[in-house]
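A.B. asks: Pasting in a structure now, in structure tokens, and then I'll have a few things to ask.
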Amino acid sequence: MSSTPSQPGQPAESTTLLSVQDLQVEYRTRRGAVKAVDHVSFDVSKNEVFGLAGESGCGKSTAAHAIIRILKPPAYITGGKVMFMGHDVRQMNDMELRRFRWRHVAIVFQSAMNALNPVLSVGNQIKDVLRAHTNMKPDETHERALELLRVVGIDTKRLGSYPHQLSGGMRQRAVIAIALALNPEMVIMDEPTTALDVVVQKQILQEIRQLKDEFGFSILFITHDLSLLVEFSDRIGIMYAGELVETAPSQEIFNSPRHPYTHRLMNSFPTIWGARQELLGIPGSPPDLITPPSGCRFHPRCELALADGTCKQVRPMLIDVSSKHRAACHLVEQQLAVQKETVP
Ligand code: SF4
């Protein structure tokens, strides 16, 4: 891993790898249906890092799990399309799904301790994946397991180590090694560094970016920490209460966020790279998604909500702020209309 990682925001190849269109997921509970993901659409290009950010419970992880169809009841996909390299994931049978999940898309979860089997050595866990999905001979799986440990920066002497014998950072690297075992085109990373201290977090993020450049996979990165995502990803989607409310290149989200929720989210976390700043937080708490607020779901917490009641009554749609920047907010609509009138 000697190459210099690419910088976030550098243009990725424009080939669309994953296309999520109008995705809807609900949790069927006794109290009613929780609309956890509501008409969410986004694309991820080849070799791109696309980040999904938002508070806990906003639907970002549910959307990611729906993409690879690992949701379990009471969660159900109720609408929309997920296309991966032109294949409709919702139409795949069990056999196709099995191949899709490891060969084409792998997932790295937040807690490596939960993702790893405590009674199997790290080496055997890598070999298990190779044995289950390839025709490799025992000596080939052994060589590949060693290679994967090297790739993620774990000493190959650790091949026989059990998860509890590794540090938190090493365990997360081991999970990444397993995810990369079959050279997938995309890796979904669901809060992969949240459980780690800030120094190890920074180190692992740099290494993940190097690996992405070296092997050419795309990343769908899920986190509640927007400042981390700005540093790490090329493009960002912001989710609030099950909806995608803003999407733009990461530097544009950082320099000129348009949605009031994005503004607030940006000021809720200290940056792990930048200078100290005063944190503002977000007043109130996310809504109950069985009976979400009418109109804009953020209106009960938004200090900029329009006084004429539009925000309370009318659901804002995602509109183009610029060619690569979209936001769902009535205030932004108004600002764009004024801009149009004043620019000859
Ligand atoms: Fe705030 Fe209204 Fe924009 Fe919603 S639509 S974020 S309530 S200004």
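A.B. asks: Which of the numbered conditions does His263 fail, given that it passes all the others? Conditions: (1) touching a residue at least 12 places away in the same chain (Cβ under 8 Å); (2) of a type outside the set (A, V, I, L, M); (3) assigned to a helix (DSSP H, G or I).
C.D. replies: Every condition holds for His263 apart from (1).
A.B. asks: For the condition surrounded by fewer than 23 Cβ atoms within 10 Å (Cβ to Cβ) and within 16 Å of the ligand (Cβ to nearest atom), what is the one hit in Ser167, Ser256, Ser227?
C.D. replies: Numbers: Ser167 fails: within 16 Å of the ligand (Cβ to nearest atom); Ser227 fails: within 16 Å of the ligand (Cβ to nearest atom).
When all the criteria are applied, what remains is Ser256.
A.B. asks: Looking for something without any contact (Cβ under 8 Å) to a residue 12 or more places away in the chain, hydrophobic (A, V, I, L, M, F, W, C) and more than 27 Å from Pro163 (Cβ to Cβ) - is there at least one such residue anywhere in the range 88-96?
C.D. replies: Taking every residue of the range 88-96 in turn, at least one turns out to be without any contact (Cβ under 8 Å) to a residue 12 or more places away in the chain, hydrophobic (A, V, I, L, M, F, W, C) and more than 27 Å from Pro163 (Cβ to Cβ).
A.B. asks: Still on this structure: Condition first: among the small types (Gly, Ala, Ser) and surrounded by fewer than 24 Cβ atoms within 10 Å (Cβ to Cβ). Now tell me which residues in the range 242-253 satisfy that.
C.D. replies: Ser250
A.B. asks: Restricted to the range 310-344, and to residues that are within 11 Å of the ligand (Cβ to nearest atom) and part of a loop (DSSP other than H, G, I, E, B), which residue is farthest from Gly59 (Cα to Cα)?
C.D. replies: Once the filter is applied, the top-ranked residue is Val314.
A.B. asks: Which numbered condition in (1) within 30 Å of Lys202 (Cα to Cα); (2) at pLDDT 95 or above is the only one that Gly274 fails?
C.D. replies: (2)
A.B. asks: How about the range 291-309: which of its residues are closer than 20 Å to His39 by Cβ and either assigned to a helix (DSSP H, G or I) or β-branched (Val, Ile, Thr) (or both)?
C.D. replies: Thr291, His299, listed by residue number.
A.B. asks: Among the residues in the range 247-255, are any farther than 29 Å from Met85 by Cα and modelled with pLDDT under 95?
C.D. replies: Just the residues of the range 247-255 that are farther than 29 Å from Met85 by Cα, to begin with: 254-255.
Those still in the list that are modelled with pLDDT under 95 too: 254-255.
Yes: the range 247-255 contains one or more residues that are farther than 29 Å from Met85 by Cα and modelled with pLDDT under 95.
A.B. asks: Something else now. In the range 67-115, which residue that is under 16 Å from the mean Cα position of the chain (by Cα) and part of a loop (DSSP other than H, G, I, E, B) is modelled with the lowest pLDDT?
C.D. replies: Ser111
A.B. asks: Is it true that some residue in the range 145-163 is touching a residue at least 40 places away in the same chain (Cβ under 8 Å), surrounded by fewer than 19 Cβ atoms within 10 Å (Cβ to Cβ) and within 20 Å of Leu211 (Cα to Cα)?
C.D. replies: Yes.
A.B. asks: Can you pull out the residues in the range 133-144 that are free of Cβ contacts under 8 Å to residues at least 24 places away in the same chain and part of a helix (DSSP H, G or I)?
C.D. replies: Within the range 133-144, Pro138, Asp139, Glu140, Thr141, His142, Glu143 meet the criteria.
A.B. asks: For Ile188, state whether it is modelled with pLDDT of 90 or more and not in a loop (DSSP other than H, G, I, E, B). If you could, list the steps in order and put the result at the bottom.
C.D. replies: Working: modelled with pLDDT of 90 or more: yes; not in a loop (DSSP other than H, G, I, E, B): yes.
Judged against the criteria, Ile188 is a match.
The values are calculated or read from the model by the stated rules, or taken from the named source; none is laboratory data. No experiment lies behind these values; they were computed from the predicted model shown. Neighbour counts run over all protein chains shown; Cβ positions are idealised from the backbone, glycine included.
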